[in-house]
Amino acid sequence: MNIENLANITIKQAEEKGWGAHPEEIIVSEKIALIHSEISEAYDAYQNNNMNGKDGFFEELSDVLIRTVHLAKIFNLTMEVADVTFPSDISAQIAALHKITSDAFENYRHKKEDEFAKCLSHLINALIKCSKIYEFNLEKEALKKIGCNDSRTWDKNKLNEQLFKTK
């Protein structure tokens with residue numbers, strides 16, 4: 001898997017969509033929360049036996065990958081691909097993905113840049129391991145999702161106006 005290429009494509013799309021391409025343009029806690037929500041969505045899809053296709057397990061894990069490489073690229077962190085030990089049970093896998101994500105935030109919050117980078121790399125490697133366990137092409141799924149995102153519009157201010165509109 002070519003993580004650097006995927007990160008470059010992701011950051012280019014983030015620039016075009018206004019999702020933030022530099023540290024001062026994002027809120028890290030929001031990005032971490034989004035990664036957590038994608039992990040939960042992947043688990044929901046798995047529990048509903050929706051493995052492939054829109055909102056499927058594979059697509060949701062690719063969302064986790066996209067959001068993770070996006071965050072890593074914003075901070076210009078080096079992502080290393082390595083084989084990792086990973087649980088065989090889906091519940092334990094999801095818990096592990098959540099734990100890695102939480103650890104990433106804690107390290108960011110405590111200004112431990114090297115540990116933050118290691119956690120993001122570990123998350124990427126755990127996702128790659130999942131793709132091997134469940135026999136799907138994570139990079140292909142991520143590129144497909146990036147393609148879908150090209151046609152999506154996102155106006156965060158408008159969303160907030162709709163959500164908090166008073167009568």
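Bear in mind that the values in this text are calculations on the coordinates, not laboratory data. Source: prediction; values computed, not measured. Please note: Cβ atoms are built from the backbone with ideal geometry, for glycine as well, and neighbour counts cover all protein chains shown.
Restricting the search to the stretch 37-53, which residues are surrounded by fewer than 17 Cβ atoms within 10 Å (Cβ to Cβ) and under 21 Å from Ala72 (Cα atoms)?
Ser37, Ser40
Looking for whichever is in a helix (DSSP H, G or I) and over 19 Å from Ile124 (Cα atoms) here; the options are Ala33, Ala45, Ala104. Which one fits?
Ala45
Looking at (1) crowded, with 16+ Cβ neighbours inside 10 Å; (2) of a type outside the set (A, V, I, L, M); (3) part of a helix (DSSP H, G or I), find the lone condition where Lys99 falls short.
Looking at each condition in turn, Lys99 falls short on (1).
Are any residues in the stretch 82-96 out of contact with any helix residue (DSSP H, G or I) (no Cβ under 6 Å at 6 or more places or on another chain) and either under 30 Å from Glu16 (Cα atoms) or not in a helix (DSSP H, G or I) (or both), and if so, which ones?
Residues satisfying the conditions are Asp83, Thr85, Ser88, Asp89.
Pairs please, first residue from the stretch 60-80 and of a type in the set (Phe, Trp, Tyr), second anywhere and surrounded by 19 or more Cβ atoms within 10 Å (Cβ to Cβ) and in a helix (DSSP H, G or I), Cβ atoms under 9 Å, 6+ apart in sequence or on different chains.
Listed by first residue and then by second, the contacts come to Phe75/Tyr108; Phe75/Phe116; Phe75/Ala117; Phe75/Leu120.
When only residues in the stretch 8-30 that are assigned to a helix (DSSP H, G or I) and β-branched (Val, Ile, Thr) count, which is farthest from Ile66 (Cα to Cα)?
Among residues in the stretch 8-30 that are assigned to a helix (DSSP H, G or I) and β-branched (Val, Ile, Thr), the one farthest from Ile66 (Cα to Cα) is Val28.
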